[in-house]
Structure formats: structure tokens, C-alpha cells
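Here's the structure we're looking at; comments come further down.
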Ligand SMILES: [Zn+2]
């Protein structure tokens, strides 16, 4: 079966992220920065509140893929963090729970139960912190230093990490305006 292959050549433009001349496509980049709030710590849901703004740019395929991978990393870690709780409480805990009465429970069994219940809870507390450093490192690798400085100068994102995010759109969503002409 013949696969449809686009034969329309794309112009080589300077990619906004890597600053290299490559075949690139236009995107609208949504920058967003969440306000600090305790309610956001466990799930990062307040990311949609805070400030945001759009920037029109051209991106090469590699940078587009890498930007999507950064988003995937965030949501994968958050999803796994949340799923670990019911998994350990309702599946692993009944499996490792000692059958004997508490005074006959060995130290090893108590330790195992403690780990099964404690580690996922500890992970909920720690996930925003290690995710912050992972995302910050990935964004530094993704953006050319000039682009990084420019995006931060727009007054939306202060620093990359857990509290900030970028989302790519093919078209500017209705009612939104670009930060730059
Ligand atoms: Zn690029």
C-alpha cells in the first residue's frame, strides 16, 4: 500500500529554539507560568491559572519533538506519582501485609509494609522538586541561550521548571493575542 508522503518542500528558516537554519514550520508557542500555591504541589494543576502569553515562531522537527518530549516527561511523572498511591495502598499493601498479629511480626515485614506505604507518599512530596530540576535541565538543552533570554524577557516565564510550561499550537487559539507583533 502506498503511503501518502508530502512532497511540498518546506522553506529552510532559522529555528527559534536551536537557532539553526533548517526546514521549519510555523507554531504558536504558549508560555505559561503558575503562581506558587500549596494546592498545586501534589498535582501541578494550577499551571493553567497563572500568567500566559503566545509567541509566533518557526521550529524544526527535532525541536518540536523535543518540546513535546519535555511535556510528556512532566505528565508521565505526575501520572505515575498519582497512580502509585492506589497501587501501593490497594494492591501491594494487601500482598505484603503480615498475617500474624503485630507482636509476632518480624522487623523485615514491618519494614516492608512501611516502605510500601511510605515511599509512594514520599514520592508525592518529592515529585514536584525532582521534576523541577529535570524540566529545567531539559529546557536549557532545548533552547538556544539567546532564545532562552528572549522568552524570559517577555515577562511571562521567570524560570523554567515545575511552575512553567510551553505548549505548541498550530493555530492561535480564539481570543488570544501574541505578545510580540
Ligand atoms: Zn530547531
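The values are calculated or read from the model by the stated rules, or taken from the named source; none is laboratory data. Remember, predicted model here, so these are calculated numbers, not experimental data. Note that each Cβ is placed from the backbone with ideal geometry, even for glycine, and that neighbours are counted across all protein chains shown.
Checking each residue in segment 122-133 for being within 14 Å of the chain's Cα centre (by Cα) and either within 12 Å of residue 78 (Cα to Cα) or outside any helix (DSSP H, G or I) (or both) picks out 127, 128, 129, 130, 131, 132. In summary, residue 136 fulfils each of the numbered conditions (1) in a helix (DSSP H, G or I); (2) in contact with a helix residue (DSSP H, G or I) (Cβ under 9 Å, 6 or more places away or on another chain); (3) surrounded by 14 or more Cβ atoms within 10 Å (Cβ to Cβ) with the single exception of condition (2).
Results for (1) modelled with pLDDT of 95 or more; (2) within 16 Å of the ligand (Cβ to nearest atom); (3) over 23 Å from the mean Cα position of the chain (by Cα), shown as yes or no for each residue.
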| residue | (1), (2), (3) |
| --- | --- |
| 3 | no, no, yes |
| 27 | yes, yes, no |
| 40 | no, no, no |
| 47 | no, no, no |
| 50 | no, no, no |
| 62 | yes, yes, no |
| 93 | no, no, yes |
| 108 | no, no, yes |
| 117 | no, no, yes |
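For the condition assigned to a helix (DSSP H, G or I) and touching a residue at least 40 places away in the same chain (Cβ under 8 Å), residue 180 does not qualify.
Checking each residue in segment 5-18 for being modelled with pLDDT of 95 or more and either surrounded by fewer than 16 Cβ atoms within 10 Å (Cβ to Cβ) or over 23 Å from residue 74 (Cα atoms) (or both) picks out only 15.
Here segment 64-91 is the region considered, the condition is being crowded, with 17+ Cβ neighbours inside 10 Å and either at pLDDT 95 or above or under 30 Å from residue 170 (Cα atoms) (or both), and the residue that is farthest from the ligand (Cβ to nearest atom) is 78.
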